[in-house]
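Worksheet: the structure to be examined is printed underneath.
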Amino acid sequence: MNISFWLGDKEFRLSVEERTENVILVSLGKRKYLASIEVLSSDEILLKIDGKVYDVIINSNSLYYSVYVNGKFFKIERKSALRILEGKVEKPRKQDIKTSMPGRVVKVFVQEGSKVKTGQPILVLEAMKMQNDIKSPQTGIITKINPKAGDSVETGSVLFSVE
């Protein structure tokens, strides 16, 4: 079973796999934890992970889960697919645009702090005797432009950042 949840603005993705009765394997990223579970009531469980015992109480409403782990409170938001998509549209993330091949910057159209739109040309990169417009992947503000016109760039160099 796969589970996604949010603590603040950070998303966590868990994979939970039942191994034997009352034993589960929990994967969070590259980390894996073997946990034994003892159900105390419909909203309270004891988890034993790596020799440590965690008393977990979970209450919920339509907006979030209230989770207490050994008395420490965590508010875990419930998000519908629509709210998740709205959040992704409303909050553009910072993107570093890198070159996939060595070349020379011919022209830079904007400067740091400029507002740009998705698809707007930011600079012209000449590579393999061809000139290519390098465009913004999203609407936002140019937070950094590394090369100037005439500069040579290597493969993987950050050309600009947009947020």
Among the candidates VAL106, VAL116, which residue alone is surrounded by fewer than 16 Cβ atoms within 10 Å (Cβ to Cβ) and touching a residue at least 40 places away in the same chain (Cβ under 8 Å)?
VAL106
Residue among LYS135, LYS129, LYS79 that alone is modelled with pLDDT under 85, surrounded by 14 or more Cβ atoms within 10 Å (Cβ to Cβ) and basic (Lys, Arg):
LYS79
Tell me yes or no: at least one residue of the range 61-71 is of a type in the set (A, V, I, L, M, F, W, C), at pLDDT below 85 and in contact with an Asp or Glu (Cβ under 8 Å, 6 or more places away or on another chain).
yes
Would you pick out the residues in the range 37-73 that are among the aromatic types (Phe, Trp, Tyr) and farther than 24 Å from GLU17 by Cβ?
TYR64, TYR68, PHE73
Which of the residues belonging to the range 1-51 are touching a strand residue (DSSP E or B) at 6+ places or on another chain (Cβ under 6 Å) and not in a strand (DSSP E or B)?
MET1, ASN22, ASP43
Mind checking which residues of the range 20-43 are surrounded by 11 or more Cβ atoms within 10 Å (Cβ to Cβ) and among the charged types (D, E, K, R)?
LYS32, GLU38, ASP43
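The values are calculated or read from the model by the stated rules, or taken from the named source; none is laboratory data. Quick caveat: nothing in here was measured; it's all calculated off a predicted structure. Don't worry about glycine lacking a Cβ; one is built from the backbone with ideal geometry, like all the others, and counts go over all protein chains shown.
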